Amino acid sequence: MGALRSTRDLGLNPDYEGKVRDMFDLGDRFLIVTTDRISAFDVIMNDVVPGRGVMLNVMSLAWFGRFAELVPNHLITAEVSKFPTPFNQHPEALGGRSMLVKKAERFPVECVVRGYIAGSGWKSYGRDGTICGHLLPDGLSLAQKLPEPLFTPSTKEDEGHDENIPYSTVVEMIGEENAGILRDLSLKLYRTGADYAEPFGVILADTKFEFGIIEGKISLIDEVLTPDSSRFWPADEHKPGQEPPSWDKQILRNHLETLDWDHAPPPPKIPDEILDITYQRYREVLELLFPGEAEKWRAFL
Ligand SMILES: Nc1ncnc2c1ncn2[C@@H]1O[C@H](COP(=O)(O)OP(=O)(O)OP(=O)(O)O)[C@@H](O)[C@H]1O
Ligand SMILES: [Mg+2]
């Protein structure tokens, strides 16, 4: 398995470079390459976690497959041999970490669903007992399961942090019909994902979906139910009152908190041991949820 920090290292020239993904604009399609970059506190580290991008991409692929009967999605193919030139000339570097997708007209809303209370939802509850306008019962503890999953949308900001908004603002932004469809779809996908994960001892605490219109149909786009877009918690370590160790880059964040670093670039050098443990966390949740997919893409992991 080879690490990939940037598609520029392959002589390619991405049209857009996110914190994690490089995107190539192909007219009515995008080629999305999930690199091994990792960010913390919104700063991209100089070090990579080799194989992390593959694990994220393989999880999205697996969920697209499982959700195919519930909602159309943007995936055309993840087979490098079917990509247009010059991308098809990099089967080893791009394999397992890339998707050719249909370009969507994106809704400017992050469709967050929370089944448990944590993160910005917990902060908002602490301020006034609500999340995105949902009034919650008194006395909830951090990480407690909510009476029912909530749709807690946020704006999609190009710069800076996304902001939680009430459902009524989504209606103003995209109209009542679309807002209702996005809310119902998000809740349905969350429940389906959470029910799938439960028997494996994995709690899906919350997640974020993105949708857009493709060929006239509301479709699921972006990444789906990955540790970058979701909180996955080990069920056997879940106790209300404290946040369980999520299957993501928490180890890296914890390490960074021990340093005298102000969360502004340049980032510090990350010890190999921290990178290795981070890799293992992603690998663990991938193997728990999708052992067959992990096997299928093993050469790239
Ligand atoms: N099929 C699609 N059509 C149009 N836009 C898409 C599609 N799939 C994903 N996107 C958009 O492509 C971008 C992917 O970029 P990426 O996730 O790397 O960066 P980001 O979301 O800006 O930052 P972050 O690192 O916080 O995720 C997102 O803005 C997403 O909304
Ligand atoms: Mg993103």
* For the chain, what class follows from the C-alpha gyration tensor (a ≥ b ≥ c being the square roots of its eigenvalues): rounded when a/c is under 1.5, otherwise prolate if a/b is larger than b/c, else oblate? -> oblate
* Starting from the range 21-120, pick out the chymotrypsin sites (Phe, Trp or Tyr not before Pro) whose DSSP state is loop and whose Cβ has at most 16 other Cβ atoms within 10 Å. => Phe41
* **Sites matching GluC sites (Glu not before Pro) across the range 205-234 that sit in DSSP coil, with at most 15 neighbouring C-beta atoms within 10 Å** => Glu215
* Rounded Å value of the spacing that divides the Cα centres of the range 224-292 and the range 3-49 -> 20
* **Charge tally in the Cβ shell below 13 Å around Thr207, where Lys, Arg are +1 and Asp, Glu are -1, Thr207 excluded** => -2
* Structure fact -> Sparse-neighbourhood loop hits (trypsin sites (Lys or Arg not before Pro), the range 259-301; DSSP loop; Cβ within 10 Å at most 15 others) -> Lys269
* **Potential extension, Ser39-Glu148 segment - 0.36 nm per residue separation minus Cα distance** => 36.1 nm
* Efficiency of FRET from Cβ geometry, Asn13 and Ile277, R₀ 30 Å, rounded to 0.05 -> 0.35
* To do: Select from Pro14, Pro50, Pro86 the residue whose mean-square fluctuation is largest in a Gaussian network model of the chain (Cα-Cα springs shorter than 10 Å).
  => Pro86
* To do: Would you calculate the separation in nanometres between label points at Glu287 and Glu198, each defined as 7 Å from the Cα along the Cα-to-beta-carbon direction?
  => 2.6
* To do: Could you pull out the pairs from Lys217/Lys239; Lys82/Lys296; Lys156/Lys269; Lys82/Lys188; Lys82/Lys249; Lys103/Lys123 whose alpha carbons sit more than 29 Å apart here?
  => Lys217/Lys239; Lys156/Lys269; Lys82/Lys188; Lys82/Lys249; Lys103/Lys123
* What is the dipole size for the chain, taken about its Cα centre, with +1 at each Lys and Arg Cβ and -1 at each Asp and Glu Cβ, in debye to the nearest 20? -> 500
* To do: At 7 Å along the Cα-to-beta-carbon direction for both Ser6 and Thr155, put a label point, then send me their distance in nm to one decimal.
  => 3.0
* Structure fact -> Candidates Ile131, Ile38, Ile165; GNM for the chain (alpha-carbon contacts under 10 Å) flags as most fluctuating Ile165
* If you build a Gaussian network model of the chain, linking Cα atoms that sit under 10 Å apart, which residue out of Ala205, Ala264, Ala62 swings the most? -> Ala264
* To do: Could you point to the residue in Ile221, Ile277, Phe64 farthest towards the positive end of the chain's charge dipole, with +1 and -1 charges on the Cβ of Lys/Arg and Asp/Glu respectively?
  => Phe64
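None of the figures in this text is laboratory data; all of them are computed from the coordinates on show. Note that the coordinates shown come from a computational prediction; the quantities given were computed from them, not determined experimentally. Backbone-built Cβ (ideal geometry, glycine too); neighbour counts: all protein chains shown.
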